[in-house]
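One structure is given below, encoded as C-alpha cells.
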Ligand SMILES: Cc1cc2nc3c(=O)[nH]c(=O)nc-3n(C[C@H](O)[C@H](O)[C@H](O)COP(=O)(O)OP(=O)(O)OC[C@H]3O[C@@H](n4cnc5c(N)ncnc54)[C@H](O)[C@@H]3O)c2cc1C
Ligand code: FES
Ligand code: FES
C-alpha cells in the first residue's frame, strides 16, 4: 500500500506516493533521478549517501523516505550555483585533487559543508574527526583535508 | 527488507494506542538502529510507528539537581547543549562520541537505550549515573531498565518519554573505540553523586553492568590505585573477532582507572 510523502528537495517541492519501506537514498536516486547521492555500503558506514535534512548532514541510506516527510532536503545537485558555477567547497576539492574515482566525493562535500557551518575555522584534527562518517578508498584523505580547509576559508571570503 | 504499514501519530497517546492495536508494530525514532535491522531482516514488523512528529518528546531541561532529556533528542543536540555542558558535561561527551556526525544528527537517546546494544554508550551513562527512565506509563530506574542483550524492561508498545540524569560531583566516561564500527570495544563510566560511587561497563558483556567491588573500593578512596588490582573475571565477558574475553577484562581495569583519573581532573 502506497503512502503519500512531500518534501522540498533542492528548493523544489516534490510529492509522491511511495511504498513505506522506500529508503530516502532510493527515493532520491530512483524516483527523483538525483543520482549524485551515492550508495556505497548501504549499511550506514561509508557516508557516500550523505545529504542535508533540515540543514543537518545525515545518511540517506539509513532513513526511510517517510521519516523525511515535510523536510527540507539538499543533495549534491543542489550545491552548485544555478549557472553551474561550482560551490567554493566543490571548487576546493577540484583544486586540491581531493578525489580520485570520485565515488565518495558527493558525501564528502555534503559532510564538509555541515562541518564548516558548525566550525567555520576547522583545524586539521577537527576536519579528520568531523569526516569520521565518510570513507574514501582512494585518496588517503590528505587532499580531502586540504580541500576542506581551503573550502572553509573561501566560504568566509 | 519486508513491506510494512507506516503510521505517523501526532500525540503520545495516539502512538500508544496504535502500538496497542497493531500486532507486531515497531516504533521508529532516528532509525539508525532500526533501518539496519530492517535491512538485515532482524526486525520484521508489520507496521512502523514513527515518533518524529512528537515534539513533546524533545528537549533538554534542568530540573533541580537533574538534567532531563526527552527521548527524541538527537545525540548531536545533547553533545552541543549549553545546559548539558554546564551541568553534566560528561553526558555531552558521551553523546559526542557516539558513531559519527551523521549518525548523531539522527540517532536519539530513547532509541539508543530502547535498543540496548551491548556496545552502546548511553546505557553506560544511565547506569553509571543512576538515571531514571520515564515512559508513558511509569518511572524505571536504570538499575532495572537494562535486562539483557538488546533487552530492556519496556513492555511491548511502551514509549520512553524522557530520561532524568542526576548531576554528578564528578564523572567521566572512557571509551575504547572499535575503529570500524565506532561502538565501544569496552567503555567504562565512573561517577560520584552525593556520596554514591558508580562504575558501569559497556561493550564487554552481553549487557551493560556495574562493578560493585570497584564501587566499594572507590567509595573509601576515590583514586585510580584503589582499583588497580580489581579485575572483572573473563568468564562471562564477550569474546569475538575484535577482542578476546581476557583482553576485555584487562581493558576494564585500565579504562576504569583512566576514568577515575579523568573524573578527578575534571576533563
Ligand atoms: C554507523 C553507525 C555507528 C554507530 N555508532 C554507535 C556508537 O558508537 N555508540 C552507540 O551507542 N551507538 C552507535 N550507533 C547507534 C546509534 O546510536 C543509534 O542512533 C541508536 O542506537 C538508536 O537510536 P535511534 O533514534 O536511531 O533509534 P531507532 O533506530 O529508530 O530505534 C531503535 C530501537 O528503539 C526503539 N525506540 C526508539 N524510540 C523509542 C522510544 N521513545 N520509546 C521506546 N522505544 C523506542 C525502536 O522501536 C527500536 O527498537 C551507531 C549507528 C550507526 C548506523
Ligand atoms: S551508502 Fe549510506 S552510509 Fe554507505
Ligand atoms: S575518491 Fe574514490 S572513494 Fe574517495
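Kindly list, by first and then second residue, each pair from a residue in the range B:134-151 that is without any contact (Cβ under 8 Å) to a residue 24 or more places away in the chain to a residue that is assigned to a loop (DSSP other than H, G, I, E, B) and exposed (fewer than 13 other Cβ atoms within 10 Å of the Cβ), limited to pairs with Cβ atoms under 8 Å and residues at least 6 apart or on different chains.
B:137/B:155
Quickly run through the range B:110-132 and pick out the residues that are buried (at least 24 other Cβ atoms within 10 Å of the Cβ) and over 30 Å from residue B:239 (Cβ atoms).
Within the range B:110-132, just B:110 meets the criteria.
Mind counting the residues in the range B:174-190 that are touching a strand residue (DSSP E or B) at 6+ places or on another chain (Cβ under 9 Å) and either closer than 15 Å to residue B:117 by Cβ or assigned by TED's automatic domain parsing to the domain that holds residue B:45 (or both)?
8
In the range A:27-63, what count of residues is obtained for those that are within 12 Å of chain B (Cβ to nearest Cβ), outside any loop (DSSP other than H, G, I, E, B) and surrounded by 20 or more Cβ atoms within 10 Å (Cβ to Cβ)?
Of the residues in that region, 10 qualify.
If you scan the range B:12-63, which residues turn out to be surrounded by fewer than 19 Cβ atoms within 10 Å (Cβ to Cβ), assigned to a helix (DSSP H, G or I) and in contact with a helix residue (DSSP H, G or I) (Cβ under 6 Å, 6 or more places away or on another chain)?
Those that are surrounded by fewer than 19 Cβ atoms within 10 Å (Cβ to Cβ), assigned to a helix (DSSP H, G or I) and in contact with a helix residue (DSSP H, G or I) (Cβ under 6 Å, 6 or more places away or on another chain): none in the range B:12-63.
Quick one: how many residues across the range A:127-148 are away from ligand 1 (no atom under 16 Å from the Cβ) and surrounded by fewer than 16 Cβ atoms within 10 Å (Cβ to Cβ)?
The qualifying residues number 5.
Check B:76, B:114, B:125 and return the single one that is in contact with a strand residue (DSSP E or B) (Cβ under 9 Å, 6 or more places away or on another chain) and either within 12 Å of another protein chain (Cβ to nearest Cβ) or assigned to a loop (DSSP other than H, G, I, E, B) (or both).
Sole residue among the options that is in contact with a strand residue (DSSP E or B) (Cβ under 9 Å, 6 or more places away or on another chain) and either within 12 Å of another protein chain (Cβ to nearest Cβ) or assigned to a loop (DSSP other than H, G, I, E, B) (or both): B:76.
Regarding the range A:102-109, can at least one residue be identified that is free of Cβ contacts under 8 Å to residues at least 40 places away in the same chain, surrounded by fewer than 19 Cβ atoms within 10 Å (Cβ to Cβ) and in the same structural domain as residue A:148 (by TED's automatic domain parsing)?
Within the range A:102-109 (the criterion being free of Cβ contacts under 8 Å to residues at least 40 places away in the same chain, surrounded by fewer than 19 Cβ atoms within 10 Å (Cβ to Cβ) and in the same structural domain as residue A:148 (by TED's automatic domain parsing)), the answer is yes, since at least one residue qualifies.
If the requirement is being away from chain B (no Cβ under 14 Å), touching a helix residue (DSSP H, G or I) at 6+ places or on another chain (Cβ under 8 Å) and at positive phi, which of these qualifies: A:97, A:87?
From the options A:97, A:87, the qualifying one is A:97.
The values are calculated or read from the model by the stated rules, or taken from the named source; none is laboratory data. This is a predicted model, so every value here is computed, not measured. Using ideal geometry, Cβ is built from the backbone for each residue, glycine included, and neighbour counts are taken over all protein chains shown.
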